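The values are calculated or read from the model by the stated rules, or taken from the named source; none is laboratory data. These numbers come from a predicted model, not from an experiment. For neighbour counting, all protein chains shown are included, and Cβ atoms are generated from backbone atoms with ideal geometry for every residue, glycine included. Keep in mind that these areas ignore ligands, DNA and RNA; they rest on the heavy atoms of the full protein, side chains included. Shrake-Rupley method; radii C 1.70, N 1.55, O 1.52, S 1.80 Å.
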Amino acid sequence: MGFIFSKSMNENLKAQQEFMLMNSRLQLERQLLMQNQMRERQAAMQIAWTREFLKYFGTFFGLAAVGLTAGAIKKKNPRLLLPIVPLSFIFAYQYDMGYGTMLQRMKGEAENILETQSTLLELPKGPLTYEGLEKIRRAQSKFSIEK
């Protein structure tokens, strides 16, 4: 009689373990999807911010270029055109970031670093561990609760 109950309990336990495994896997998949969605939304906001900034900076750059060119012609002083050079680099950078291929190039370089230069990504003193964090917490804690 006990064997029948034991067998039934083992089957129920196994079914419950499978359900818990499936449930934890589903939860992990949802977390990964949510993190990816958040990352994509943040990247989209950054690109949108860059494009919006480019509109204002492009207007400033255009007005500055026209004004400096007119001033250089009027005063017959070509040195007035010098500020256009660094402003044009900033404008080109912002344009490339917002509408060009900079993000693809950055992604490619990041993948290259991950694949070939992963030692550059290591944290000083190694990765964080629970024991290390507990040691720091105990050292900084005003209350001592030890087992």
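Looking at the structure I just gave you, is Lys107 of a type in the set (Lys, Arg), assigned to a helix (DSSP H, G or I) and either open to solvent by less than 50 Å² (accessible area, probe 1.4 Å) or over 27 Å from Ala48 (Cβ atoms) (or both)? Give the derivation first.
Values: of a type in the set (Lys, Arg): yes; assigned to a helix (DSSP H, G or I): yes; either open to solvent by less than 50 Å² (accessible area, probe 1.4 Å) or over 27 Å from Ala48 (Cβ atoms) (or both): no.
Against the criterion (of a type in the set (Lys, Arg), assigned to a helix (DSSP H, G or I) and either open to solvent by less than 50 Å² (accessible area, probe 1.4 Å) or over 27 Å from Ala48 (Cβ atoms) (or both)), Lys107 does not qualify.
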- Can you spot a residue in region 132-147 that is part of a helix (DSSP H, G or I), aromatic (Phe, Trp, Tyr) and at negative phi? no
- Search result, residues across region 110-131 that are open to solvent by less than 90 Å² (accessible area, probe 1.4 Å) and either of a type in the set (Ser, Thr, Tyr) or at pLDDT 90 or above (or both): Ala110, Glu111, Asn112, Ile113, Gln117, Ser118, Thr129
- Query: Of all residues in region 24-50 being over 30 Å from Leu103 (Cβ atoms) and open to solvent by 80 Å² or more (accessible area, probe 1.4 Å), which is nearest to the chain's Cα centre (by Cα)?
  - Reply: Gln27
- Report yes if some residue within region 90-104 is part of a helix (DSSP H, G or I), over 23 Å from the mean Cα position of the chain (by Cα) and hydroxyl-bearing (Ser, Thr, Tyr); otherwise report no. no
- Is there a residue in region 97-119 that is in contact with a Phe, Trp or Tyr (Cβ under 9 Å, 6 or more places away or on another chain) and more than 26 Å from Gln42 (Cα to Cα)? no
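For region 51-69, what are the residues that are touching a Pro at 6+ places or on another chain (Cβ under 8 Å) and either under 20 Å from Met102 (Cα atoms) or open to solvent by 40 Å² or more (accessible area, probe 1.4 Å) (or both)? Outline the logic, then answer.
Within region 51-69, the subset touching a Pro at 6+ places or on another chain (Cβ under 8 Å) is 64, 68.
Correct list: Leu68 only.
Kindly establish whether Tyr99 is of a type in the set (Phe, Trp, Tyr) and free of Cβ contacts under 8 Å to residues at least 12 places away in the same chain.
Values: of a type in the set (Phe, Trp, Tyr): yes; free of Cβ contacts under 8 Å to residues at least 12 places away in the same chain: no.
No: the conditions fail for Tyr99.
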- Query: Would it be correct to say that Gln94 is closer than 25 Å to Lys107 by Cα, among the polar types (S, T, N, Q) and open to solvent by 90 Å² or more (accessible area, probe 1.4 Å)?
  - Reply: no
